[in-house]
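The values are calculated or read from the model by the stated rules, or taken from the named source; none is laboratory data. Here the structure is a predicted model, which means the values were calculated and not measured. Cβ placement follows ideal geometry from the backbone for every residue including glycine, while neighbour counts extend to all protein chains displayed. Please note that ligands, DNA and RNA were not included when accessible areas were found on the heavy atoms of the full protein model with its side chains. Shrake-Rupley method; radii C 1.70, N 1.55, O 1.52, S 1.80 Å.
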Amino acid sequence: NEVKLVYSDAHPEVRVLAAIQYPLSNLSMTELVQKVSKMSDKKKKQLLKTITAHRLHRTHKVPRGFEHAQFTFDITSDIGAYRDLQRHRMMTQQRQLYTTQLGYIIPAELENYPELKQRYVTALTEAAQLYEKMRVQLPLEAQYIVPFGFRIRYSFHLNLREAIHLTELRSTSQGHPSYRMIAQEMAKQIIKKVPLFAELFPFVDYNSYELERLKAFQRVAAKAKKAGIKVFED
(Lines give C-alpha, C1' and ligand atoms only; values in the text may rest on other atoms or scores of the structure.)
Protein backbone atom coordinates (compact mmCIF):
# COMPACT_ATOMS: atom_id res chain seq x y z
CA ASN A 1 0.00 0.00 0.00
CA GLU A 2 1.08 3.56 -0.65
CA VAL A 3 -0.18 6.58 1.29
CA LYS A 4 0.93 10.12 0.51
CA LEU A 5 -0.24 13.38 2.08
CA VAL A 6 -0.42 15.71 -0.93
CA TYR A 7 -2.17 18.74 0.59
CA SER A 8 -2.80 20.42 3.92
CA ASP A 9 -3.87 23.90 4.94
CA ALA A 10 -1.23 26.44 5.83
CA HIS A 11 -0.97 26.62 9.62
CA PRO A 12 -3.92 24.27 10.30
CA GLU A 13 -3.28 24.45 14.05
CA VAL A 14 -4.08 28.18 13.95
CA ARG A 15 -7.32 27.58 12.06
CA VAL A 16 -8.38 24.85 14.51
CA LEU A 17 -7.63 26.81 17.69
CA ALA A 18 -9.36 29.90 16.34
CA ALA A 19 -12.44 27.91 15.31
CA ILE A 20 -12.68 26.19 18.69
CA GLN A 21 -12.66 29.53 20.50
CA TYR A 22 -15.13 31.16 18.11
CA PRO A 23 -18.44 30.08 19.77
CA LEU A 24 -17.03 30.99 23.21
CA SER A 25 -15.88 34.45 22.12
CA ASN A 26 -17.25 37.79 20.93
CA LEU A 27 -14.33 38.27 18.54
CA SER A 28 -14.47 37.80 14.78
CA MET A 29 -12.76 34.81 13.17
CA THR A 30 -10.16 37.16 11.67
CA GLU A 31 -9.36 38.55 15.12
CA LEU A 32 -9.12 35.07 16.63
CA VAL A 33 -6.76 33.88 13.88
CA GLN A 34 -4.53 36.90 14.53
CA LYS A 35 -4.63 36.21 18.27
CA VAL A 36 -3.73 32.52 17.92
CA SER A 37 -1.00 33.30 15.37
CA LYS A 38 0.83 35.27 18.06
CA MET A 39 0.82 32.36 20.53
CA SER A 40 3.92 30.28 21.14
CA ASP A 41 3.96 26.61 20.13
CA LYS A 42 4.05 25.75 23.82
CA LYS A 43 0.82 27.69 24.45
CA LYS A 44 -0.86 26.10 21.39
CA LYS A 45 0.13 22.65 22.61
CA GLN A 46 -1.28 23.36 26.07
CA LEU A 47 -4.56 24.53 24.56
CA LEU A 48 -4.89 21.43 22.37
CA LYS A 49 -4.14 19.21 25.35
CA THR A 50 -6.77 20.98 27.47
CA ILE A 51 -9.37 20.79 24.70
CA THR A 52 -8.91 17.02 24.30
CA ALA A 53 -8.43 16.14 27.98
CA HIS A 54 -11.94 14.63 28.11
CA ARG A 55 -10.99 11.88 25.66
CA LEU A 56 -10.60 8.66 27.63
CA HIS A 57 -11.62 6.46 24.68
CA ARG A 58 -11.66 6.80 20.91
CA THR A 59 -15.48 7.17 20.96
CA HIS A 60 -15.10 10.48 22.82
CA LYS A 61 -15.23 12.96 19.94
CA VAL A 62 -13.21 16.12 19.47
CA PRO A 63 -15.05 19.48 19.01
CA ARG A 64 -16.44 20.71 15.68
CA GLY A 65 -13.66 23.27 15.46
CA PHE A 66 -11.31 20.49 14.36
CA GLU A 67 -13.20 20.39 11.05
CA HIS A 68 -11.44 23.61 10.00
CA ALA A 69 -8.18 21.82 9.12
CA GLN A 70 -8.15 19.99 5.77
CA PHE A 71 -5.94 17.21 4.37
CA THR A 72 -5.78 15.35 1.05
CA PHE A 73 -4.24 11.89 0.66
CA ASP A 74 -3.31 10.03 -2.52
CA ILE A 75 -3.61 6.31 -1.75
CA THR A 76 -2.93 3.09 -3.62
CA SER A 77 -4.16 -0.14 -2.04
CA ASP A 78 -5.99 -3.35 -2.80
CA ILE A 79 -9.65 -2.80 -3.66
CA GLY A 80 -10.75 -4.72 -0.55
CA ALA A 81 -9.09 -2.16 1.75
CA TYR A 82 -10.57 0.69 -0.27
CA ARG A 83 -14.08 -0.73 0.03
CA ASP A 84 -13.79 -0.78 3.82
CA LEU A 85 -12.41 2.76 4.03
CA GLN A 86 -14.96 3.94 1.46
CA ARG A 87 -17.65 3.58 4.12
CA HIS A 88 -16.47 6.81 5.77
CA ARG A 89 -18.82 9.38 4.25
CA MET A 90 -17.56 12.49 6.06
CA MET A 91 -14.99 13.24 3.39
CA THR A 92 -14.58 13.84 -0.34
CA GLN A 93 -13.65 10.63 -2.14
CA GLN A 94 -12.52 10.17 -5.73
CA ARG A 95 -11.29 6.93 -7.23
CA GLN A 96 -9.91 5.77 -10.52
CA LEU A 97 -11.44 2.84 -12.40
CA TYR A 98 -11.09 -0.70 -11.06
CA THR A 99 -8.41 -2.16 -13.32
CA THR A 100 -5.73 -4.83 -13.24
CA GLN A 101 -3.00 -2.43 -14.34
CA LEU A 102 -1.57 -1.71 -10.86
CA GLY A 103 -1.05 -5.38 -10.06
CA TYR A 104 -2.42 -7.35 -7.12
CA ILE A 105 -1.50 -8.21 -3.56
CA ILE A 106 -0.74 -11.73 -2.31
CA PRO A 107 -1.96 -12.26 1.27
CA ALA A 108 0.96 -13.05 3.57
CA GLU A 109 -0.87 -16.11 4.88
CA LEU A 110 -0.57 -17.80 1.47
CA GLU A 111 3.22 -17.70 1.52
CA ASN A 112 3.25 -20.80 3.73
CA TYR A 113 0.91 -22.72 1.41
CA PRO A 114 2.44 -22.91 -2.11
CA GLU A 115 -0.48 -24.80 -3.63
CA LEU A 116 -3.07 -22.32 -2.42
CA LYS A 117 -0.86 -19.43 -3.45
CA GLN A 118 -0.55 -20.83 -6.97
CA ARG A 119 -4.32 -21.27 -7.26
CA TYR A 120 -4.77 -17.66 -6.11
CA VAL A 121 -2.22 -16.33 -8.61
CA THR A 122 -3.76 -18.39 -11.42
CA ALA A 123 -7.26 -17.09 -10.65
CA LEU A 124 -6.14 -13.46 -10.63
CA THR A 125 -4.07 -13.93 -13.78
CA GLU A 126 -7.09 -15.36 -15.61
CA ALA A 127 -9.27 -12.50 -14.35
CA ALA A 128 -6.70 -10.01 -15.65
CA GLN A 129 -6.68 -11.65 -19.07
CA LEU A 130 -10.47 -11.50 -19.29
CA TYR A 131 -10.46 -7.89 -18.10
CA GLU A 132 -8.00 -6.91 -20.85
CA LYS A 133 -10.31 -8.42 -23.46
CA MET A 134 -13.42 -6.72 -22.11
CA ARG A 135 -12.02 -3.26 -21.43
CA VAL A 136 -11.36 -2.57 -25.12
CA GLN A 137 -15.08 -2.10 -25.80
CA LEU A 138 -16.56 -2.11 -22.28
CA PRO A 139 -14.15 -0.25 -19.94
CA LEU A 140 -16.81 0.53 -17.34
CA GLU A 141 -18.53 -2.86 -17.33
CA ALA A 142 -15.14 -4.64 -17.18
CA GLN A 143 -14.70 -3.31 -13.63
CA TYR A 144 -17.17 -5.93 -12.38
CA ILE A 145 -14.76 -8.79 -13.02
CA VAL A 146 -11.75 -7.26 -11.26
CA PRO A 147 -11.09 -9.22 -8.02
CA PHE A 148 -10.64 -7.18 -4.84
CA GLY A 149 -7.04 -8.36 -4.57
CA PHE A 150 -6.05 -5.98 -7.37
CA ARG A 151 -4.83 -2.51 -6.48
CA ILE A 152 -6.59 0.80 -7.06
CA ARG A 153 -5.58 4.45 -6.74
CA TYR A 154 -7.89 6.91 -4.97
CA SER A 155 -7.89 10.17 -3.03
CA PHE A 156 -9.41 11.12 0.32
CA HIS A 157 -9.94 14.77 1.22
CA LEU A 158 -11.01 15.09 4.83
CA ASN A 159 -10.95 17.40 7.81
CA LEU A 160 -8.95 16.79 10.97
CA ARG A 161 -11.98 15.69 13.01
CA GLU A 162 -12.79 12.93 10.52
CA ALA A 163 -9.11 12.01 10.20
CA ILE A 164 -8.93 11.36 13.94
CA HIS A 165 -12.10 9.26 13.81
CA LEU A 166 -10.99 7.24 10.76
CA THR A 167 -7.44 6.53 11.89
CA GLU A 168 -8.41 5.52 15.42
CA LEU A 169 -11.29 3.30 14.30
CA ARG A 170 -9.53 1.64 11.35
CA SER A 171 -6.31 0.92 13.26
CA THR A 172 -7.99 -1.17 15.98
CA SER A 173 -6.70 -4.71 16.47
CA GLN A 174 -9.79 -6.28 14.86
CA GLY A 175 -9.18 -4.50 11.55
CA HIS A 176 -7.69 -6.06 8.44
CA PRO A 177 -3.92 -5.48 8.18
CA SER A 178 -4.28 -3.85 4.76
CA TYR A 179 -6.45 -0.93 5.86
CA ARG A 180 -4.86 -0.77 9.32
CA MET A 181 -1.59 0.17 7.62
CA ILE A 182 -3.34 2.95 5.68
CA ALA A 183 -4.93 4.37 8.84
CA GLN A 184 -1.62 4.25 10.71
CA GLU A 185 0.23 5.95 7.87
CA MET A 186 -2.38 8.71 7.55
CA ALA A 187 -1.98 9.54 11.24
CA LYS A 188 1.82 9.46 11.01
CA GLN A 189 1.90 11.80 8.04
CA ILE A 190 -0.49 14.34 9.59
CA ILE A 191 1.64 14.38 12.76
CA LYS A 192 4.83 14.72 10.70
CA LYS A 193 3.31 17.67 8.84
CA VAL A 194 1.94 19.30 12.03
CA PRO A 195 3.87 18.03 15.09
CA LEU A 196 1.49 19.90 17.43
CA PHE A 197 -1.25 17.45 16.38
CA ALA A 198 0.59 14.51 17.96
CA GLU A 199 -1.62 15.00 21.04
CA LEU A 200 -4.75 14.43 18.97
CA PHE A 201 -4.25 10.78 17.94
CA PRO A 202 -3.82 8.94 21.28
CA PHE A 203 -5.89 5.92 20.27
CA VAL A 204 -4.26 5.05 16.95
CA ASP A 205 -2.98 1.49 17.36
CA TYR A 206 0.42 1.06 15.68
CA ASN A 207 0.88 -2.57 16.74
CA SER A 208 0.60 -5.54 14.37
CA TYR A 209 -1.49 -8.60 15.08
CA GLU A 210 -1.91 -12.14 13.80
CA LEU A 211 -5.45 -13.50 13.62
CA GLU A 212 -6.69 -10.00 14.31
CA ARG A 213 -10.28 -11.02 15.15
CA LEU A 214 -9.36 -13.94 17.42
CA LYS A 215 -9.68 -12.01 20.70
CA ALA A 216 -13.04 -10.59 19.63
CA PHE A 217 -14.36 -14.11 18.97
CA GLN A 218 -12.93 -15.28 22.29
CA ARG A 219 -14.83 -12.53 24.12
CA VAL A 220 -18.04 -13.55 22.33
CA ALA A 221 -17.44 -17.18 23.28
CA ALA A 222 -16.80 -16.28 26.92
CA LYS A 223 -20.02 -14.25 27.17
CA ALA A 224 -21.99 -17.02 25.46
CA LYS A 225 -20.57 -19.66 27.79
CA LYS A 226 -21.53 -17.56 30.80
CA ALA A 227 -25.07 -17.35 29.42
CA GLY A 228 -25.18 -21.10 28.75
CA ILE A 229 -25.14 -20.73 24.96
CA LYS A 230 -22.94 -22.87 22.69
CA VAL A 231 -21.21 -20.97 19.91
CA PHE A 232 -18.66 -21.77 17.20
CA GLU A 233 -19.50 -25.48 17.37
CA ASP A 234 -20.70 -27.85 14.64
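So for region 101-234, what are the equivalent ellipsoid semi-axes in whole Å, largest first, each being the square root of 5 times an eigenvalue of the Cα gyration tensor? Could the numbers behind the result be given before it?
Values: eigenvalues 209, 153, 40 Å².
Output for region 101-234: semi-axes of 32, 28, 14 Å.
To the nearest 0.05, what FRET efficiency results for Thr92 and Val220 with a Förster distance of 41 Å applied to their C-beta separation?
Working: r = 36 Å, r/R0 = 0.89.
That gives a FRET efficiency of 0.65.
Using r as the Cβ-Cβ distance of Lys230 and Ile191, and R0 as 41 Å, what FRET efficiency do you calculate, to the nearest 0.05? Mind dumping the intermediate values first?
Values: r = 46 Å, r/R0 = 1.12.
E(calc), rounded to 0.05, equals 0.35.
Restricted to Cα atoms, region 45-92 shows a radius of gyration and a Dmax of 14.7, 40 angstrom. Potential lengthening of the chain between Ser28 and Tyr206 amounts to 60.1 nm, from the contour at 0.36 nm per residue minus the alpha-carbon distance.
A simple spin-label model places the labels of His157 and Val121 4.1 nm from each other, with each point 7 Å out along Cα-to-Cβ. Counting only alpha carbon atoms, the long axis of helix 41-51 and the longest principal axis of the chain meet at about 70°.
Compared with the dominant Cα axis of the chain, that is its longest principal axis, helix 160-170 is turned about 40°. If the Kirkwood radius is taken over C-alpha pairs of region 1-76, then at 4 °C and 1.567 mPa s the Stokes-Einstein diffusion coefficient equals 93 µm²/s. Counted over region 149-205 with a bin width of 5 Å, the fraction of Cα pairs per bin, in whole percents, is 4, 19, 30, 25, 15, 6, 2, 0.
Any idea what the dipole of region 80-212 comes to, in debye rounded to 20, about its Cα centre with Lys/Arg Cβ at +1 and Asp/Glu Cβ at -1? Mind showing how you got there, number by number?
On the way: 16 positive and 14 negative charges, 110 e Å.
Charge dipole of region 80-212: 520 debye, to the nearest 20.
Stokes-Einstein diffusion of the chain at 10 °C, 1.306 mPa s viscosity, Kirkwood radius from Cα pairs, rounded to a whole number: 77 µm²/s. Computed over the Cα atoms of region 52-162, the ratio of the radius of gyration to the Kirkwood radius (Rg/Rh) comes to 1.13. Just the protein heavy atoms count here, and of the accessible area of the chain at 1.4 Å, carbon and sulfur take up 53 percent. Helix 177-193 axis versus longest C-alpha principal axis of the chain: approximately 30°, rounded to the nearest ten.
In percent, how large is the relative contact order of region 78-234, given Cα pairs closer than 8 Å and 6 or more residues apart? Could you put the intermediate results ahead of the total?
Numbers: 159 pairs, mean separation 40.6, N = 157.
Relative contact order, region 78-234: 26 percent.
Sorting 90-99, 37-46 by their mean Cβ neighbour count within 10 Å, with the most densely packed peptide first, gives 90-99, 37-46.
For Thr59 and Gln174 in the same chain, what is the full-extension length gain: residue separation times 0.36 nm, less their Cα-Cα distance, in nm? Working shown, then result.
Working: separation 115, 0.36 × 115 = 41.40 nm, distance 1.58 nm.
Going from the current span to full extension adds 39.8 nm.
Would you mind getting the accessible area per residue of region 24-150, heavy atoms of the protein chains only, 1.4 Å probe, in Å²?
Working: 8360 Å² over 127 residues.
That works out to 66 Å² for each residue.
The order of the peptides 138-150, 6-18 by mean Cβ neighbours within 10 Å, most packed first, is 6-18, 138-150.
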